[in-house]
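Enquirer: Just dropping this structure here.
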Amino acid sequence: MSEKKRIAILGGGYGGVLTAKKLAKKFKKDEEVEITLIDQNPYHTLLTELHEVAAGRVSEDAIRIDFKKIFAKRKVKVVLDEITDLDFKNNVLKSENNTYEYDYLVIGAGCKPTYFGVKGAEEFCQKLWSFEDAVALKEHILQMFRKAVKEKNKEERKKLLTFIVVGGGFTGVEMMGELGEWKERLCKDFYIEQEEVTLILADDLPKILPNFPDKLIAKTKKRLNKLGVTVLTNAGVTEVTGDTATIRNNGIVNTYTVIWTAGVEGSDIIGKMDIQQKGRKRIVTDDKLRSLDYKNVYVVGDNIFFIPEGEERPLPQMVENAEESAALIAHNVYTDIKGGEKKSYKPSFHGAMVCVGGKYGVANVGAGKNFFALSGFFALFVKHFINIVYFIQVAGFNKCWSYLLHEFFHVKDNRSFVGGYFSKSSPNFWLLVLRMFVGYKWLTEGLEKLPKIIADPSKIFLIPAPVVDGATAATAAAPAAGAAPVATWVALPVPGFIEKIVKWSMDTFFYTGDGGYTVLATIFQTGMVIAEILVGIMLIVGLFSALASLMSVAMGIMIWTSGMAPTEMLWYLSAGIALIGGSGSTFGMDYYVLPILKKYWKSIGWVKKSYLYVD
């Protein structure tokens with residue numbers, strides 16, 4: 001047996017990924033430890049966002065993150081394989097063609113839908129528990145509309161346009177909320193009246209979202225009703241066929257689409273394990289999150305069955321549990337190998353958020369006994385904030401940026417809690433004239449000043465004259481950018497606190513005690529003139545236009561804070577901001593240069609490890 005300690009992580013879900021990353025950080029300089037993550041797919045799926053793909057709000061790649069990206073330059077080996085058997089006594093994982101030995105095992109194999117014995121449910125229902133499920137469901141819904149638009153039989157058409165979601169928990173409400181919003185676009189694209197579409201959310205319990213306060217449940221139902229959804233409670237589905245669903249107390253509904261979100265159980269591999277389980281195939285653990293049967297086997301995320309001290313129910317199957325359990329397991333495995341004191345699991349959950357479509361949500365958040373009910377804008381703000389926190393841990397800036405693009409900048413049909421205000425819908429070629437003009441203005445400003453700099457670099461005219469005994473030692477020249485050649489001009493007002501900051505910096509870096517200027521002032525002025533020329537050229541040719549635009553804004557702010565900015569400077573500032581977003585990609589050098597630099601930049605090791613790039 002190898003002297004190295006081998007840590008195997010089964011499953012690349014929320015808990016598995018975070019455990020692997022935290023272990024990699026703890027053992028990054030230890031060559032005697034191997035960390036292997038085993039999963040059937042080459043990517044991590046964001047299971048809490050599946051409904052967004054299934055209902056056409058975001059693109060398919062929005063809910064996947066490549067394992068190569070997540071573990072770039074990290075001490076984690078990713079193996080694509082399907083484990084079919086586990087030999088806990090001999091510390092071996094087995095697949096059809098391979099075996100994997102381990103010293104410590106972390107089980108994060110996730111869950112699958114459970115159908116509670118409902119006849120026909122598994123055979124005929126659409127699922128929503130994997131990336132493939134979301135893509136298949138989206139295509140199925142589109143296919144129903146494609147068929148309906150050509151269907152002349154009213155009963156058949158109605159059957160095609162009836163959609164039932166079974167289960168009033170988080171997933172069911174989110175899926176139906178998204179479908180309710182998507183309905184408007186689908187009806188428009190397929191020439192169907194919205195009144196022809198029937199949406200039913202059915203749950204066997206007396207109320208939807210049973211863990212939420214009643215006032216949030218009422219708001220959720222109100223929102224669903226506004227989207228045209230009929231909410232049925234005490235109405236479990238008792239049978240499903242290829243074209244019907246039987247709903248308790250509501251009879252038989254003719255439909256080709258029943259989406260099952262009514263519950264989950266441990267994945268198939270969990271069911272095969274010779275290990276103590278409870279509650280729909282969840283592995284029973286101690287307070288260190290170790291299996292009761294094998295002390296070198298830890299369990300993370302949804303697969304844990306553990307009742308914390310003082311609680312009556314086992315841990316909830318939610319992402320925050322995966323995050324907190326991953327941190328604890330990484331610590332305890334580290335102490336197994338290196339020594340130290342293990343920690344007991346004392347989770348502190350902070351509530352839950354549910355989006356009812358992309359424009360509305362509800363949240364019950366807080367700590368301890370102090371929880372707050374939020375709805376609408378604030379609830380969705382919290383949800384997006386929590387997602388960003390998770391993405392920072394998993395794939396840093398790269399995933400956070402792509403998430404913002406998918407959720408706000410590339411959003412379709414204004415399906416965002418900020419509407420379409422941030423949606424990037426205008427092509428960049430409309431900015432061409434503005435870019436060229438701003439570049440021309442900066443270039444001419446710089447070229448006009450250049451001869452003065454060459455003639456006498458020490459002659460300062462871009463910095464306000466120092467104050468000596470209450471009066472200026474010299475008269476300031478015309479403003480730096482766009483000033484008319486007249487004797488008088490009006491400067492933009494500067495707030496008092498900014499004037500104080502600027503005066504202090506001027507006194508410190510640019511003025512001498514006798515009313516003159518320092519060498520640094522000469523260097524600054526020369527740099528400003530060169531910067532104006534460079535910014536002008538860069539904007540005109542469209543090279544690094546985003547950087548040039550930011551420099552344009554920065555120079556405008558510096559001139560304004562110095563008290564030497566005419567009202568025309570507002571134009572420079574506004575235009576600079578407008579040009580930041582890729583104005584050089586049309587009829588500019590950015591079109592050719594940036595893809596090359598981007599490819600080179602992404603190949604740098606520390607950049608990949610830090611996720612400091614965009615896809």
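Enquirer: Kindly provide the set of residues from the range 141-177 that are buried (at least 24 other Cβ atoms within 10 Å of the Cβ) and outside any helix (DSSP H, G or I), ordered by number.
Expert: Leu161, Phe163, Ile164, Val165, Val166, Gly167, Gly168
Enquirer: Continuing with this model, one more query. In the range 15-42, how many residues are in a strand (DSSP E or B) and surrounded by 19 or more Cβ atoms within 10 Å (Cβ to Cβ)?
Expert: Of the residues in the range 15-42, 5 are in a strand (DSSP E or B) and surrounded by 19 or more Cβ atoms within 10 Å (Cβ to Cβ).
Every residue, every condition in (1) within 30 Å of Glu323 (Cα to Cα); (2) surrounded by 15 or more Cβ atoms within 10 Å (Cβ to Cβ); (3) touching a Ser or Thr at 6+ places or on another chain (Cβ under 9 Å), yes or no:
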site: Phe385; (1), (2), (3): yes, no, no
site: Gly396; (1), (2), (3): yes, yes, yes
site: Leu405; (1), (2), (3): yes, yes, no
site: Lys441; (1), (2), (3): no, yes, no
site: Lys449; (1), (2), (3): no, yes, no
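Enquirer: Is the range 559-574 home to any residue that is within 38 Å of the chain's Cα centre (by Cα), closer than 19 Å to Asn428 by Cα and surrounded by fewer than 17 Cβ atoms within 10 Å (Cβ to Cβ)?
Expert: yes
Enquirer: Give Arg74, Arg57 a once-over and let me know the one that is of a type in the set (Lys, Arg), more than 21 Å from Gly396 (Cα to Cα), touching a residue at least 60 places away in the same chain (Cβ under 8 Å) and not assigned by TED's automatic domain parsing to the domain that holds Phe145.
Expert: Numbers: Arg74 fails: more than 21 Å from Gly396 (Cα to Cα).
The match here is Arg57.
Enquirer: Here is a further query. Output yes when any residue across the range 270-292 is within 26 Å of Lys119 (Cβ to Cβ), free of Cβ contacts under 8 Å to residues at least 40 places away in the same chain and within 30 Å of the chain's Cα centre (by Cα), and no when none is.
Expert: For the range 270-292, residues within 26 Å of Lys119 (Cβ to Cβ), free of Cβ contacts under 8 Å to residues at least 40 places away in the same chain and within 30 Å of the chain's Cα centre (by Cα): present.
Enquirer: Within the range 328-361, how many residues turn out to be outside any loop (DSSP other than H, G, I, E, B), under 21 Å from the mean Cα position of the chain (by Cα) and hydrophobic (A, V, I, L, M, F, W, C)?
Expert: Final tally of qualifying residues: 4.
Enquirer: Does any residue of the range 55-77 turn out to be assigned to a strand (DSSP E or B) and of a type in the set (S, T, N, Q)?
Expert: No, the range 55-77 contains no residue that is assigned to a strand (DSSP E or B) and of a type in the set (S, T, N, Q).
Enquirer: Could you tell me whether the range 276-289 includes any residue that is more than 16 Å from Glu122 (Cβ to Cβ), in contact with a helix residue (DSSP H, G or I) (Cβ under 9 Å, 6 or more places away or on another chain), modelled with pLDDT of 95 or more and of a type in the set (Asp, Glu)?
Expert: no
Enquirer: Among the residues of the range 226-239, are any part of a helix (DSSP H, G or I) and under 26 Å from Val135 (Cα atoms)?
Expert: no
Enquirer: Being surrounded by 15 or more Cβ atoms within 10 Å (Cβ to Cβ) and either modelled with pLDDT of 80 or more or assigned to a helix (DSSP H, G or I) (or both): is that true of Ala465 here?
Expert: Spelling it out, Ala465 is indeed surrounded by 15 or more Cβ atoms within 10 Å (Cβ to Cβ) and either modelled with pLDDT of 80 or more or assigned to a helix (DSSP H, G or I) (or both).
Enquirer: Here is a list of conditions, (1) of a type in the set (D, E, K, R); (2) out of contact with any Phe, Trp or Tyr (no Cβ under 9 Å at 6 or more places or on another chain); (3) closer than 15 Å to Ser130 by Cα, and Glu82 meets all of them except one; can you say which number that is?
Expert: (3)
Enquirer: Out of the residues in the range 528-545 meeting the condition of being among the small types (Gly, Ala, Ser) and in contact with an Asp or Glu (Cβ under 8 Å, 6 or more places away or on another chain), tell me which one is surrounded by the fewest Cβ atoms within 10 Å (Cβ to Cβ).
Expert: Restricting attention to the range 528-545, the residues satisfying the condition of being among the small types (Gly, Ala, Ser) are 531, 536, 542, 545.
Filter again for in contact with an Asp or Glu (Cβ under 8 Å, 6 or more places away or on another chain), leaving 536, 542, 545.
On the way: Gly536: 22, Gly542: 26, Ser545: 29.
The selected residue is Gly536.
The values are calculated or read from the model by the stated rules, or taken from the named source; none is laboratory data. As the structure is a prediction and not an experimental result, all values here were calculated from the model. With ideal geometry, Cβ positions are generated from the backbone for all residues, glycine too; neighbour counts draw on all protein chains shown.
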